[in-house]
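Colleague: One structure, as structure tokens, below. Some questions next.
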């Protein structure tokens, strides 16, 4: 389960940025099955930046590569807001630039347990 400690007992709100619709649907199911709520998803960089600026989220799950555009502008907005970040990627942690090396990364494909662990780690550490 996605922890609700430190969230005043409310379900964890997970902002999702994912450009592949099928993966976004699977992630939504995983989040709901874990007791969380999904915010989004956003598939385009511009939509993701808007969502990052305006949405209420406890943690963000960002696909690193959005149709050829890297999600770092989204991560920058979230970091400024203090929202912990988990990156997803098929490229591993070596794909992350230095300033985001402290954020958990989920290698695609991932399962529900890995998702829950990464979100828990981000929430506890405040990685963002």
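Colleague: Once label points are set 7 Å from the Cα along Cα→Cβ at both residue 26 and residue 55, what is their separation, rounded to one decimal in nm?
Modeller: 1.9 nm
Colleague: What percent of all Cα-Cα pairs in the range 1-111 falls in each 5 Å bin, counting up from 0?
Modeller: Per 5 Å bin, starting at zero, the Cα-Cα P(r) for the range 1-111 comes out as 2, 13, 25, 26, 21, 10, 2, 0 percent.
Colleague: Sort 30, 38 so the one with the fewest other Cβ atoms within 10 Å of its own Cβ comes first.
Modeller: Taking fewest neighbouring Cβ atoms as first place, the list is 38, 30.
Colleague: Expected output is a single nm value to one decimal: the length gained when fully extending between residue 81 and residue 69, i.e. 0.36 nm times separation in residues minus the C-alpha distance. What is it?
Modeller: 2.2 nm
Colleague: May I ask you to compute the full-extension gain from residue 102 to residue 10, defined as 0.36 nm times their residue separation minus their alpha-carbon distance, rounded to one decimal in nm?
Modeller: In short, 30.5 nm is gained.
Colleague: I've got another one for you. Using the number of other C-beta atoms within 10 angstrom as an exposure proxy, rank 72, 91 with the fewest first.
Modeller: Listed from fewest to most nearby Cβ atoms, that is 91, 72.
Colleague: Which order results if 105, 119 are arranged by neighbouring Cβ count within 10 Å, fewest first?
Modeller: 105, 119
Colleague: Within the range 65-83, list the residues whose amide N lies under 20 Å from a label point set 7 Å along Cα→Cβ of residue 47.
Modeller: Output list for this probe position: 65-78.
Only the coordinates and a few stated rules stand behind these numbers; no lab work does. As the structure is a prediction and not an experimental result, all values here were calculated from the model. With ideal geometry, Cβ positions are generated from the backbone for all residues, glycine too; neighbour counts draw on all protein chains shown.
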